[in-house]
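The values are calculated or read from the model by the stated rules, or taken from the named source; none is laboratory data. Bear in mind the structure is a predicted one, so any value in this text is a computation, not a measurement. FYI the Cβ positions are ideal-geometry reconstructions off the backbone, even for glycines, and counts take in every protein chain you see. What goes into the accessible areas is simple: the full protein's heavy atoms, side chains included, and nothing from ligands, DNA or RNA. Shrake-Rupley method; radii C 1.70, N 1.55, O 1.52, S 1.80 Å.
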Amino acid sequence: MFRTLTINLNKCRHFNNADSFISKYNRSLSGIAPPQSKAIQPVLVNAMEDKANFLLPNNQRFVELDSSQAFNNLTNKEKLYAHYLSKAAWNGGLIVLLQTSPESPKIFSLLHRIFLGEPLDKLKESALKAGVSEDDFKAFLVYSGGLFANSGNYKGFGDTKFIPNLSKEAFELIVKSSKAYDDDNTHMTKLWQKVQNAIYSLAPRLTSLGLANKGVTTYFSCNCTEEDSNLVNDWMKTKRIEAYICRTFKTTADDGLPLYTIHLASVESSPKPPLTMEKEKYKNAYFQVTRGDYAALLKLANENLAKAMEYAANDNERNMLKHYINSFKEGDLNEHKEGSRFWIKDKGPIIETYQGFIETYRDPSGQRGEFEGFVAMVNKEMSKKFGTLVDGAERFIKLLPWGQDLEKDTFLRPDFTSLDVLTFSGSGIPAGINIPNYDEIRQNEGFKNVSLGNVIPAAYKESVIPFLSEEDKKLLEKYRVASFEVQVGLHELLGHGSGKLLRQNADGTFNFDKEKVKNPLTGKQIESWYTEGETYDSKFTTLGSAFEECRAEAVGLYLSLEPEILKIFGYEGQEAQDVTYVNWLSLMWNGAAKATEMYQPSTKTWLQAHARARFVLMRLLELEGDGLLVVSEPHPAHDLLLTLDRHRLATDGKRIIGEFLVKLQTLKATGDSSAAEQLFDRYSRLDEPWSRWRDIVMLHKQPRNIFVQPNTSLKGEEVELKRYPASAEGMVASWVERFPSSTIDDVLEQLADTDSKYFAELESLAAA
């Protein structure tokens, strides 16, 4: 999936004296000394990782995701279909709160109950009377909007924690001045006491998502290490279980050995072999498979999917939804795969949707899917351009540099449409999608490409562009949307949609000529491949997403040099050359100016797959281009300047990217994850001067736009679309009206309480 929503907006402040500031900040949180703990030693965040980098500033920009024109063109039956699909997506999307952090569901409940209890102006009036400042109340709304938008208190893009831009005392005053607190101060006090430390703590492990001491994850219990993850992965391979819909919790069996429970997402919780499995021993540990994770939320999603079926346009849509419902009910991934097959067959629908546990970016082992649901309407004008791109896809794929032996035997013509998003639940909204992610379907049956057309221009509103010359800034401002539409098309269709996985079948045969096919990197016969039960995700694990996004991005760069492709999008002559240049410039700029925000120096890890992918491509051109790309430091410690030689893109640029693409595709095709790790490590290490230049990037860091989405509602037999102001207030109002009852808060709290025993160590760390 193409999650490039370039960071926009006004600069946020940067504090220079971080050490003293953080110590004062910690003292301000409580009037008493923190409890002593021998097991957990809190450490201040790094000086360059000061509080400012974890705040959403009060000038945070909210933008409306407008789909009104496309929605108003629907028939009432289509509107009803979209309405119930949206309700299903929003209910399922609440699962992401539980997938993000242990505290996220209860923070959501606290905020939602407060906003549900009274109009915002009344809440503000009470808060100001209690001594809260205007700025603090604004910060409270911005934090709330950020939590709703990211489905938790960690950023959907970058996986770093964000905290409120007001003191804990001011936050508490707002809680206690609310009508919700007056109505049930016992419960609200309990909620606040439960989450207040987790909301504000900047203990190093809590500042980002990750496994064990590298961060926070709820895909594994907090006592799991990388060794545990690898062992679980090995056992699941022996059982041919894919991890998309599960989480793993580690406890201790009666005999003292580890017991790993693989818990499947489903409405039903009773044992049902072979989906569930009794405890068995493997490599001096026990494993079992249970089901019933997120049951209450999946039940709500299914109720609305069932209602949507009544308004489906054809049998493909009805069958798709039937299998999704079965998958969510039973915890059967194969049912979701069947639904995906019908989704592929549903060509060019007016209403497009895909829902389930889809993208694996945030699982530390790169295999478990975050819940995602989108509902969108077709944009006919842009879809026509993408259709023309599909028409030429077989011809364009032959231009890719790795040769026919590493390409699919038959091009599976996909559906490629541009859509205006009505609803997108999850931790963030991408600009393009290439799904399903299931290997056997993508390789042998097909896939769909989707460009989310109304996301792209909204993402680029009023952005600040550092580190470029004035001439390049003007070009980027003029053509960035145009070039991005081209890159999305190439990235999704010809990037993710290309390339073969070399595989040995269950009967011992191969899907390639083992005697004739040569490895392009060695000139020798192929020596490694995928065996039965192995997938790209299971082979490449933590590297997989970044490696594949890099391959797709490189395909976009490589093919954007083709005049015929630019002509499809309406650009010829000098304008086409400018669009191509801006496409390369934009990606290199993202790699230099934005990507390192997503790098964590303390653990030397990348927190976001796309960021690492773009940094790799930027460093590739910088290191191998002999002046093709130059990054300099015109104002030491304050500014950078990126210069790209546009006259060498079609020659040296194409050669360098082409050679790199051959390496990427060969390693992916042969499943050589070890060599892939070595290749990526070379270009994604933050050696000097980049380790120092990251500090400069952080000085210019800007918050990402937050999208305010509309709601649909039933008025008699008619469906109405309600839009909201592009503001923190509008964001809050949209979520209150999306979930107009506190019943959903009860559900979330109950689910969080059930999980809490697996994350007690994190709670202790936050309180330290």
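Out of every Cα-Cα pair that the range 467-538 contains, those further apart than 14 angstrom amount to 74 percent.
Which value, in Å², gives the accessible area per residue of the chain when a 1.4 Å probe is used on the protein heavy atoms? Before the final figure, lay out each step's value.
Details: 28740 Å² over 768 residues.
In whole numbers, the chain has 37 Å² accessible per residue.
The range 387-498 has equivalent-ellipsoid semi-axes of 29, 19, 12 Å, by the square roots of 5 times the alpha carbon gyration tensor eigenvalues, sorted largest first.
Which FRET efficiency value, to the nearest 0.05, is calculated for residue 564 and residue 698 with the Förster distance at 45 angstrom and r the Cβ-Cβ distance?
Working: r = 41 Å, r/R0 = 0.92.
Approximately 0.65, to the nearest 0.05.
Sorting 257, 494 by accessible area puts them as 257, 494; the probe is 1.4 Å, largest comes first, and only protein heavy atoms count.
Taking amide H atoms as placed 1.01 Å from N in the peptide plane, the amide H of residue 292 lies under 5 Å from those of 264, 266, each 5 or more residues away in sequence or on another chain. Rg and Dmax of the range 563-616, based on Cα coordinates, read 15.4, 48 Å.
For the chain, what % of the accessible area comes from carbon and sulfur atoms, probe 1.4 Å?
Numbers: 13850 of 28740 Å².
Ligands and nucleic acids excluded, carbon and sulfur give 48 percent.
A cut-off under 14 angstrom between Cβ atoms defines the neighbours of residue 335, and their net charge, with Lys, Arg +1 and Asp, Glu -1, is +1. Taking the inverse of the mean 1/r over every pair of distinct Cα atoms in the range 684-768 gives a Kirkwood hydrodynamic radius of 18.0 Å.
Run the numbers on the range 194-344 and let me know its relative contact order in percent, using alpha-carbon pairs under 8 Å that are six or more apart. Can you show the working numbers first?
Details: 225 pairs, mean separation 23.2, N = 151.
About 15 percent, as a whole number.
Could you work out the relative contact order of the chain? I mean the mean sequence separation of Cα pairs under 8 Å and 6+ apart, divided by the number of residues, in percent. Numbers along the way, then the final one.
Numbers: 1431 pairs, mean separation 157.1, N = 768.
Relative contact order for the chain comes out at 20 percent.
Label zone (residue 240, point 7 Å along Cα-to-C-beta; backbone nitrogen cut-off 16 Å) within the range 438-454: 439-441. How many percent of DSSP beta bridges within the chain run antiparallel, rounded to 5? In the chain, DSSP labels about 70 percent of beta bridges as antiparallel. Here the Karplus relation 6.51 cos²θ - 1.76 cosθ + 1.60, evaluated at θ = phi - 60°, turns the backbone of the range 418-428 into coupling constants of 9, 10, 9, 6, 8, 9, 9, 9, x, 8, x Hz, with x for every Gly and Pro. Between residue 445 and residue 303, the FRET efficiency estimated from the beta carbon spacing at R0 = 25 angstrom works out to 0.25.
A simple spin-label model places the labels of residue 133 and residue 230 5.1 nm from each other, with each point 7 Å out along Cα-to-Cβ.
Annotation: amide H-H contacts under 5 Å for residue 503 (H modelled 1.01 Å from N, sequence separation of 5 or more, or interchain): 511, 512, 530. Each of 404, 546, 453 was scored by the projection of its Cα onto the charge dipole of the chain, and the greatest displacement toward the positive side belongs to 546; charges sit on the C-beta of Lys, Arg, Asp and Glu.
Taking the square root of 5 times each eigenvalue of the Cα gyration tensor, what semi-axes in Å does the equivalent ellipsoid of the range 500-643 have, largest first? Please list the in-between numbers first.
Numbers: eigenvalues 239, 107, 40 Å².
Listed largest to smallest, the semi-axes of the range 500-643 are 35, 23, 14 Å.
If you average the C-alpha positions of the range 726-768 and of the range 54-108 separately, how far apart do those two centres end up, in angstrom? Centre-to-centre distance over Cα atoms comes out at 15 Å. Taking each of 214/604; 299/448; 380/473; 77/448; 239/329 in turn, the alpha-carbon distance tops 20 angstrom for 299/448; 380/473; 77/448; 239/329.
Pop the C-beta distance of residue 681 and residue 280 into the FRET formula with R0 = 41 Å and round what comes out to the nearest 0.05.
Working: r = 36 Å, r/R0 = 0.89.
With a Förster radius of 41 Å, E is 0.65.
State whether the range 191-317 is rounded, prolate or oblate according to the following rule on the C-alpha gyration tensor (a ≥ b ≥ c being the square roots of its eigenvalues): a/c under 1.5 gives rounded; otherwise a/b larger than b/c gives prolate, and the remaining case gives oblate. It comes out oblate by the Cα gyration axes. Taking a straight line from the alpha carbon of residue 283, these aspartates and glutamates sit under 17 Å away, with near neighbours fewer than eight places off in the same chain left out: 226, 227, 228, 234, 254, 255. Taking every protein chain into account, the 1.4 Å probe leaves residue 255 with about 90 Å² of accessible area, to the nearest ten.
Which of the aspartates and glutamates could be linked to residue 168 by a straight reach, that is with a Cα gap under 15 Å, when you skip same-chain ones fewer than 8 residues away? Here the aspartates and glutamates satisfying the reach criterion relative to residue 168 are 135, 136.
Can you give the Kirkwood hydrodynamic radius of the range 644-708 from its Cα pairs, in Å with one decimal?
Values: mean 1/r = 0.0659 Å⁻¹.
The answer is 15.2 Å.
Distance between the modelled labels on residue 469 and residue 757, one decimal in nanometres: 6.5 nm (7 Å Cα→Cβ projection).
When DSSP assigns beta bridges and you keep just the ones with both residues in the range 213-351, what percent turn out antiparallel, to the nearest 5? Walk me through the numbers on the way to the answer.
Values: 10 of 18 bridges.
Taking every DSSP beta bridge with both residues in the range 213-351, the antiparallel ones total about 55 percent.
Summarising the amide proton neighbourhood of residue 361: residues at separation of 5 or more, or on other chains, whose placed amide H is nearer than 5 Å comprise 370. The mean sequence separation of alpha-carbon pairs under 8 Å and at least six residues apart, normalised by the residue count of the range 199-244, gives a relative contact order of 20 percent.
Gap in Å between the Cα centre of the range 263-330 and the Cα centre of the range 437-511? That distance is 30 Å.
Once all protein chains are placed together, residue 353 keeps about 0 Å² accessible to a 1.4 angstrom probe. Just the Cα atoms of the chain, one point each, no solvent: what log10 I(q)/I(0) does Debye give at q = 0.08, 0.11 Å⁻¹? Result of the Debye calculation: -0.64, -1.31. Tell me which trypsin sites (Lys or Arg not before Pro) from the range 376-440 have a DSSP coil assignment and no more than 11 other beta carbons within 10 Å of their own. Taking the range 376-440 and a limit of 11 other Cβ atoms within 10 Å, the loop trypsin sites (Lys or Arg not before Pro) found are 398.
Backbone phi angles across the range 570-580, fed through the Karplus curve with coefficients 6.51, -1.76 and 1.60 (θ = phi - 60°), yield HN-Hα couplings of x, 10, 9, x, 4, 5, 4, 5, 5, 5, 4 Hz in residue order; Gly and Pro are listed as x. Taking only the C-alpha atoms of the range 368-431, the Rg (one decimal) and the largest Cα-Cα distance, Dmax (whole number), read 15.7, 41 Å.
What is the log10 of I(q)/I(0) for the range 193-252, computed with the Debye formula using one identical point scatterer on each Cα and no solvent, at q = 0.13 Å⁻¹? Calculated log10 I(q)/I(0) at the listed q: -0.43.
Divide by every residue of the chain the summed helix terms, -39500 (n - 2.57) for each DSSP H run of at least 4, and state the resulting mean residue ellipticity at 222 nm, rounded to the nearest 500 deg cm²/dmol. Please report the intermediate quantities before stating the final value.
On the way: 30 runs with 348 residues, N = 768.
Taking each H run of at least 4 residues, the total per residue is -14000 deg cm²/dmol.
Note on the range 642-692 and the range 537-601: Cα centroid distance 12 Å, given to the nearest whole angstrom. Computed 3J(HN,Hα) for the range 87-92, one whole-Hz value per residue from the Karplus formula 6.51 cos²θ - 1.76 cosθ + 1.60 where θ = phi - 60°, is 4, 5, 5, 5, 5, x, glycine and proline marked x. In terms of distances greater than 18 angstrom between alpha carbons, the cross-link table entries 539/668; 567/594; 79/384 yield 567/594; 79/384. Working from label points 7 Å from Cα in the Cα-to-Cβ sense, the residue 172 to residue 185 distance is 1.4 nm.
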